[in-house]
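J.: The structure follows.
The values are calculated or read from the model by the stated rules, or taken from the named source; none is laboratory data. No experiment lies behind these values; they were computed from the predicted model shown. Every residue, glycine as well, gets a Cβ built from its backbone with ideal geometry; the counts of neighbours run over all protein chains shown. Ligands, DNA and RNA are stripped out before the accessible areas are found, and what is left, the full protein with its side chains, is counted by its heavy atoms. Shrake-Rupley method; radii C 1.70, N 1.55, O 1.52, S 1.80 Å.
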Amino acid sequence: MLKLYGYWRSSAAYRVRIALNLKGLCAEQLSVHLVRNGGEQHQAAFKALNPQELVPALVVTDDTDERAELVLSQSLAIIEYLDEAFGGEALLPGDIEQRALVRAMAMGIACEIHPLNNLRVLQYLTGTLKLDDAAKNDWYRHWVEQGFGALEQQLQQYSGKYCFGDQVSLVDICLVPQVYNAKRFNIDLSPYPNICRINDECLTLPAFIDAAPENQADAQ
């Protein structure tokens, strides 16, 4: 049994939803509202589940012993667990060198772009540091443009139909949520034709369509 604690507009939770769909797995979706009541991720019940106070968190329960629970945090760790623990479409190449390249490209998004622009960082900029919206948006734009510029160069070398060749991989799973966020902040994506092409291709696939933020129950 799988339970996914997430939030409809969380990029990291979005990644895990895509991965679950690609693997053909069903998970009970439990919403943790990141804004309401000061952020439900900071409440004691969720903090006990994930001390990092971040979504997603995946709870894996042994069907033969409901007391035996595995709680996983961090989207990339969750996705690699799903890829290794369950059958279905592989999300990483079998070749060790190609697997390292895919991980590096995915981390370029998930570990370099996203952490500098996620909700808690933006809240710190406007709350604690008292930056106005214009300065916050400049911060957001700088890191997206820097990261997307590097990724666009990598895609020129490694992409096919998708980010790495012609099979959906961990990179695509990270890319689509990041593009979604960039569009929310009105980032000009015209300098990144490969990113736009691959994003559009992924968004024709049922696994990505079903995982989209606007299609989640808590998007009301």
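J.: Divide, for region 59-111, the radius of gyration over alpha carbons by 2.2 N^0.38 Å, where N is the residue count.
T.: On the way: Rg = 13.7 Å, N = 53, 2.2 N^0.38 = 9.9 Å.
Compared with the compact-globule rule of thumb, region 59-111 sits at 1.37.
J.: If N is the number of residues in region 1-89, what value comes out of its Cα radius of gyration divided by 2.2 N^0.38 Å?
T.: Working: Rg = 12.8 Å, N = 89, 2.2 N^0.38 = 12.1 Å.
Relative to the rule-of-thumb radius for its length, region 1-89 sits at 1.06.
J.: Can I ask one more? Which value in deg cm²/dmol, rounded to the nearest 500, describes the helix-derived mean residue ellipticity at 222 nm for the chain, given -39,500 (n - 2.57) per DSSP H run of n ≥ 4 and division by the residue count?
T.: Details: 10 runs with 111 residues, N = 220.
The helix-only estimate for the chain comes to -15500 deg cm²/dmol at 222 nm.
J.: Still on this model: Could you compute how fast the chain diffuses translationally, taking Rh as the Kirkwood radius over C-alpha pairs and applying Stokes-Einstein at 20 °C with viscosity 1.002 mPa s? Give it in µm² per second. Could the numbers behind the result be given before it?
T.: Working: Rh = 18.0 Å.
Rounded to a whole number, D works out at 119 µm²/s.
J.: Taking only protein heavy atoms and a 1.4 Å probe, what accessible area per residue, in Å², does the chain have with all protein chains in place? Display every interim value, and only then the final one.
T.: On the way: 11020 Å² over 220 residues.
Solvent-accessible surface per residue comes out at 50 Å².
J.: Rank I187, N215, G87 by how far each Cα sits towards the positive end of the charge dipole of the chain (+1 on Lys, Arg Cβ; -1 on Asp, Glu Cβ) and give me just the farthest.
T.: Checked the options; the winner is I187.
J.: Sticking with this one: Karplus couplings for region 152-165 from phi (6.51 cos²θ - 1.76 cosθ + 1.60, θ = phi - 60°), rounded to Hz, Gly and Pro as x?
T.: Values per residue, Gly and Pro as x: 4, 5, 5, 5, 4, 8, 10, 6, x, 5, 10, 4, 10, x Hz.
J.: Carbon and sulfur together cover what percent of the accessible area of the chain at a 1.4 Å probe radius?
T.: Working: 5610 of 11020 Å².
In the chain, the share of accessible area belonging to carbon and sulfur is 51 percent.
J.: Over all alpha-carbon pairs in region 97-220, figure out the percentage whose distance exceeds 17 Å. Walk me through the numbers before you get to the answer.
T.: Working: 4410 of 7626 pairs.
That fraction is 58 percent.
J.: Here's another thing I want to ask about it. Counting only protein chains, not ligands or nucleic acids, how are T126, T64, T204 ordered by accessible area (probe 1.4 Å), most first?
T.: Numbers: T126 50, T64 125, T204 85 Å².
Correct descending sequence by accessible area is T64, T204, T126.
J.: Could you run the Karplus curve 6.51 cos²θ - 1.76 cosθ + 1.60 with θ = phi - 60° over region 104-119 and give me ³J(HN,Hα) per residue in whole Hz, x for Gly and Pro?
T.: These are the phi-based 3J(HN,Hα) values: 5, 5, 5, 5, x, 8, 6, 10, 10, 7, 4, x, 6, 10, 7, 4 Hz.
J.: Would you work out the charge dipole size for the chain about its Cα centre, treating the Cβ of every Lys and Arg as +1 and the Cβ of every Asp and Glu as -1, and quote it to the nearest 20 debye?
T.: On the way: 18 positive and 28 negative charges, 130 e Å.
Taking the Cα centre of the chain as origin, the dipole is about 620 debye.
J.: What number comes out for the charge environment of R141, summing +1 per Lys or Arg and -1 per Asp or Glu over other residues with Cβ under 13 Å away? Write out the running numbers ahead of the final one.
T.: Values: positive: K136, K183, R184; negative: D133, D138, E145, D188.
Neighbourhood net charge equals -1.
J.: Here's something else I'd like to know. I need the trypsin sites (Lys or Arg not before Pro) found in region 93-169, filtered to DSSP loop residues with at most 12 other beta carbons within 10 Å of theirs.
T.: On the way: sites: R99, R103, R120, K130, K136, R141, K161; in loops: K130, K161.
Loop-located and lightly packed - K130.
J.: Now, a different point. Each residue of region 83-91 in order: what ³J(HN,Hα) in whole Hz does its phi give by Karplus 6.51 cos²θ - 1.76 cosθ + 1.60, θ = phi - 60°, with x for Gly and Pro?
T.: 5, 7, 8, 10, x, x, 4, 6, 9
J.: Taking the chain as a Gaussian network, where each spring joins two C-alpha atoms under 10 Å apart, which residue of L119, L20, L34 fluctuates the most?
T.: Its mean-square fluctuation being the largest, the pick is L119.
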